[in-house]
Amino acid sequence: MSYLTYVLFIFGLVLITYSANILVKYTENISHDLNISYFFSSLIFIGLATSSPEIFIAILASLNDKSNIAIGNALGSNIANIALVFAITFFFIKISKDHAHNVFSKDVKAFFIYLFLISVLLIPLLSDGQINPIDSVILLITFLFFVVFLKKYIDINNSKTDITHQYGLLKNFLVIIFSISILIIGTQIFLDSSVTIATFFGVPNYVIGLSMTAIGTSIPELAASIQSARRKNIDFIIGNILGSNIFNIVLVLGLVGLVDYNSQSFIGYDEFIRDISMIILTTILLIVIARNYNVYLSRFVGVVLFSGFLIYQYNLY
């Protein structure tokens, strides 16, 4: 293994950080243009954008009969998004009681519950160790419910119809598309180099999915969350994590069974119990913060989440 692999590893991180900064900035612009709250714009645009590497990997891995990498990546990314990204970012942010009430409103909490329910749904779907076409159809149907549910809370009220405004809106969308492209390229470079490093040290495919690729594809969420924290935009952090985790389950896993419909890749029962338990536990702790926010409780739970993530990663190896 050459030094070029390590150079590409760092270069991929630079591209991810750069594109995440652009993505957050112009998503704010879109929020203003379409009169959508920061939470919902981040849930849709940033959540979907930062899940694009997982979607990309799911398709490639499934096409190459390695759906266990795709499944491990989706599960591991959801764990990393909460126990790594959310824990690190939220630990350093202090929210006033009034702001917390707005951030964790009744509507927002509904999406926390939705995430918990689809996480529990994975128990019967993954109990046989794989995602088959029927499982994929079920997951994609839940995605349609999610879209309908989302539409209920979003009311685009935009009276500006002048050419200048339309040009600005188009420009923002084009920049977001550009940033997503750079994000995907950076993530792919990062993942290729990290998998090369992991394979060099003899790490199994499923563990690579749960660790190296999961953490790698969570780097966009971390970069976007850090940029949001710097801009003191808590709504973006919450929307990013929720949106990304929802898309990882209903879209990423939903694609696996359709692409690799004759999959011969299986997840062991012990691994399934370990990983699904970690997903349920981290999601519950996320809801605990949402329902009972205060500075001390949130930071304590953040420490618990991050410590649990380190222990979990250690046990993988």
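Worth pointing out:
- Coil-residue trypsin sites (Lys or Arg not before Pro) of the range 215-254, DSSP, other Cβ within 10 Å capped at 15: ARG231, LYS232
- Exposure rank, largest accessible area first [ILE141, ILE88; 1.4 Å]: ILE141, ILE88
- Local electrostatic count at ILE59 - Lys and Arg +1, Asp and Glu -1, tallied over other residues with Cβ under 15 Å: -2
- Under 19 Å from the Cα of LYS151 - aspartates and glutamates, other chains or at least 8 residues apart: ASP33, ASP107, ASP235
- Accessible area ranking (1.4 Å probe, heavy atoms, ligands and nucleic acids excluded), largest first, for MET278, MET212: MET212, MET278.
- Remark: accessible surface ordering of ASP260, ASP192, ASP270, ASP33 (largest first) is ASP270, ASP192, ASP33, ASP260, probe radius 1.4 Å.
- Relative packing of peptides 79-86, 57-64, 194-201, 109-116 - highest average C-beta neighbours within 10 Å first: 79-86, 57-64, 109-116, 194-201
- From phi via Karplus (6.51, -1.76, 1.60), per-residue ³J(HN,Hα) for the range 183-189 in Hz, x at Gly/Pro: 4, 5, 4, x, 5, 5, 4
The values are calculated or read from the model by the stated rules, or taken from the named source; none is laboratory data. Not measured: the values here are computed from a predicted model. FYI the Cβ positions are ideal-geometry reconstructions off the backbone, even for glycines, and counts take in every protein chain you see. Calculation scope for accessible area: heavy atoms of the full protein, side chains included, ligands and nucleic acids excluded. Shrake-Rupley method; radii C 1.70, N 1.55, O 1.52, S 1.80 Å.
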